[in-house]
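Worksheet: one structure, shown below.
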Amino acid sequence: MSKTLRLILGDQLSPRIAALRDLDEQNDVVLLAEVADEATYVRHHKKKIAFAFAAMRAFAAKLRADGVIVRYVKLDDPENTNTLKGEVQRALNDLGLSEVIVTEAGEHRLAADMETWEAAFGVPVEIRQDTRFICSHARFKDWAQGRKQLRMEYFYREMRSDSGILMDGDQPAGGRWNFDAENRKPAKADLFMPRPPRFEPDAETQSVLHLVEARFADHFGDLTPFWFGVTHDAAERALEHFLKEALPNFGDYQDAMLEGEPFLYHSIISMYLNVGLLDARDICARAEHEYRQGRAPLNAVEGFVRQILGWREYVRGIYWREGPDYVRRNALGATRNLPWFYWSAETEMACMAAALGQTKTEAYAHHIQRLMVTGNFALLAGIDPFQVHEWYLAVYADAYEWVEAPNTIGMSQFADGGLLASKPYAASGAYIDRMSDYCKGCAYDVKLKSGAKACPFNYLYWDFLARNRAALGSNPRIAPMFKTLDRMSDERRAEIERDASTFLEALT
Ligand code: FAD
Ligand code: DLZ
Ligand code: SF4
């Protein structure tokens with residue numbers, strides 16, 4: 001009887017993960033390993049590391065309770081080699097197992113490493129496809145084949161048809177694929193805010209918190225209060241809470257931002273979903289059920305489903321299609337260093353201080369804060385996209401390269417030259433003022449276009465366009481903005497350049 005080693009990575013904590021298929025509970029051994037390599041390949045937020053380790057420990061305990069033989073290596077195990085490869089090798093040596101079975105890694109770095117394992121170990125290493133995604137690699141390749149443009153909206157429609165989610169026969173529910181025109185309302189401070197449920201750390205999570213405080217004290221972010229759930233049951237409660245309390249308003253306030261309200265009507269489930277504590281198909285089906293039962297409107301449910309069935313699956317396809325060099329793309333030739341306040345959250349720009357401050361305390365910011373505040377600023381200021389990418393990968397509890405990199409390099413920084421987005425997500429202060437209440441408490445004045453008190457987004461926006469005319473001038477979607485720029489007087493354009501360069505020089 002051959003005994004196999006089944007490796008489960010920290011973001012593969014799903015009971016139906018491919019590596020556990022056909023497990024022989026009497027003989028096979030499941031390995032989970034906390035290793036310094038994974039905790040430090042970028043300097044992850046302390047909460048992210050604690051969440052990964054605590055969820056791994058909880059999953060191992062669940063497997064053991066179900067009768068599975070588990071080898072769990074803690075970070076402070078004196079024998080720990082601190083790499084996944086080293087821990088697989090050590091398990092093979094110690095246990096005399098004849099084969100390794102693993103689910104494909106979620107990123108190029110580890111996937112490339114796994115390709116070396118079979119030769120290094122001298123036993124077969126079976127790498128299985130990750131079946132948790134709704135769109136397989138083959139399906140995405142098939143969709144992308146021969147297309148000039150890979151627009152998410154068309155991918156999403158095929159995913160709807162393929163899966164039957166929110167479909168009435170072969171037609172989209174409600175007769176339209178997309179209800180965004182009804183979304184995007186600014187929120188008001190007196191609305192009821194359904195904050196996500198908070199979970200008390202159990203004894204094992206407490207011990208992880210001590211470990212992380214001792215080993216990663218110099219990493220970014222506040223470790224406590226630590227309120228993330230770390231089990232499938234807790235993640236399920238968080239999802240249920242969202243479906244009942246927030247989903248009905250999700251569409252309306254999807255793009256809104258409010259001072260002191262980090263979560264609004266967002267689901268706060270990405271960290272659970274990305275490590276396997278929730279399942280994408282199940283979430284979409286449950287959201288659709290809320291619509292079919294008349295408990296949530298279609299604009300909200302369609303908007304939410306589009307994020308998971310559309311964007312999430314689409315960015316994964318792009319990540320694997322574009323290869324490991326994607327993170328090094330820099331179509332706009334941006335070279336400025338990431339300003340220090342991305343780590344300290346100390347800036348007089350109220351919108352940036354809010355997004356960065358909650359990133360530090362919660363390891364969370366919602367999509368519009370990532371895209372239209374911190375991402376927009378980096379884009380306008382011409383920050384090196386690789387540094388921006390490393391920052392996003394480090395600071396969010398949900399950050400894994402397959403999902404983070406296309407969002408940062410492609411959607412937010414336009415560094416892939418428009419593969420993912422048809423135009424840069426660049427905006428002046430007026431957008432932030434319209435969608436938030438940040439500006440009223442800001443040291444800068446959003447109505448001023450020039451001078452020391454003017455909102456920096458205002459002149460940086462025009463300066464960004466002027467600097468990038470060669471790369472963007474022929475883009476029909478921003479042609480009207482270039483026309484406006486061209487109608488400005490020479491003095492006004494010189495003023496923009498002066499204000500921008502004074503501000504940008506002070507950044508460094
Ligand atoms: P909700 O707003 O409630 O959305 C529901 C779910 O849809 C999310 O949980 C998520 O799974 C999915 N989703 C929504 N938008 C996207 C998107 N653009 N791409 C992929 N999935 C999406 N998401 C991550 O999961 N990990 C990341 O590392 C990450 N990095 C990002 C970096 C940048 C620069 C930007 C602009 C976006 C990034 N996103 C990332 C996408 C999005 O911001 C987060 O998924 C979302 O904010 C998570 O919060 P939520 O669970 O409350 O989401
Ligand atoms: C994020 C993370 C962290 C912090 N630590 C570990 C770990 O110690 N062991 C492990 O197996 N996985 C960890 N992870 C998740 C991995 O980084 C993730 O599986 C890879 O980045 C592939 O997506
Ligand atoms: Fe942000 Fe400008 Fe508004 Fe200040 S004035 S909060 S910098 S958009």
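The values are calculated or read from the model by the stated rules, or taken from the named source; none is laboratory data. As the structure is a prediction and not an experimental result, all values here were calculated from the model. So basically every Cβ, Gly included, is an ideal-geometry build from the backbone, and we count neighbours across all protein chains shown. Quick note on the areas: whole protein, heavy atoms, side chains included, nothing else; ligands and nucleic acids left out. Shrake-Rupley method; radii C 1.70, N 1.55, O 1.52, S 1.80 Å.
Close Cβ contacts (under 6 Å, 6 or more residues apart or on different chains) running from residues in segment 432-450 that are more than 7 Å from ligand 3 (Cβ to nearest atom) to residues that are assigned to a strand (DSSP E or B) comprise M435/M257; S436/M257; D437/L258; L448/A454. If the requirement is being closer than 30 Å to R16 by Cα and buried (at least 16 other Cβ atoms within 10 Å of the Cβ), which of these qualifies: F228, F216? F228 is the lone residue from the list that is closer than 30 Å to R16 by Cα and buried (at least 16 other Cβ atoms within 10 Å of the Cβ).
Criterion first (in contact with a strand residue (DSSP E or B) (Cβ under 8 Å, 6 or more places away or on another chain), outside any helix (DSSP H, G or I) and in contact (Cβ under 8 Å) with a residue 12 or more places away in the chain) does D76 satisfy it? No; evaluated as a whole, the condition is false for this residue. Just the residues that are open to solvent by 50 Å² or more (accessible area, probe 1.4 Å) and farther than 19 Å from E401 by Cα, please, taken from segment 99-126. Result: T116, E118, A119, A120, G122, P124, E126. Among the criteria (1) in a loop (DSSP other than H, G, I, E, B); (2) in contact with a Pro (Cβ under 8 Å, 6 or more places away or on another chain), the one A238 does not fulfil is (1). Filtering segment 59-72 for residues that are within 26 Å of the chain's Cα centre (by Cα), surrounded by 18 or more Cβ atoms within 10 Å (Cβ to Cβ) and closer than 30 Å to S136 by Cβ leaves a non-empty set.
Scanning segment 297-316 for residues that are open to solvent by 10 Å² or more (accessible area, probe 1.4 Å) and more than 9 Å from ligand 1 (Cβ to nearest atom) returns P297, L298, N299.
Matching residues to (1) touching a Phe, Trp or Tyr at 6+ places or on another chain (Cβ under 6 Å); (2) in a loop (DSSP other than H, G, I, E, B); (3) hydroxyl-bearing (S, T, Y); (4) within 16 Å of ligand 3 (Cβ to nearest atom):
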{"site": "Y314", "(1), (2), (3), (4)": "yes, no, yes, no"}
{"site": "G317", "(1), (2), (3), (4)": "yes, no, no, no"}
{"site": "W320", "(1), (2), (3), (4)": "no, no, no, no"}
{"site": "Y364", "(1), (2), (3), (4)": "no, yes, yes, no"}
{"site": "L371", "(1), (2), (3), (4)": "yes, no, no, yes"}
{"site": "L379", "(1), (2), (3), (4)": "no, no, no, yes"}
{"site": "E404", "(1), (2), (3), (4)": "yes, no, no, no"}
{"site": "M411", "(1), (2), (3), (4)": "no, no, no, no"}
{"site": "D416", "(1), (2), (3), (4)": "no, yes, no, no"}
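Here the condition is being closer than 25 Å to L258 by Cβ and open to solvent by 50 Å² or more (accessible area, probe 1.4 Å); of D437, D445, it holds for D445 alone.
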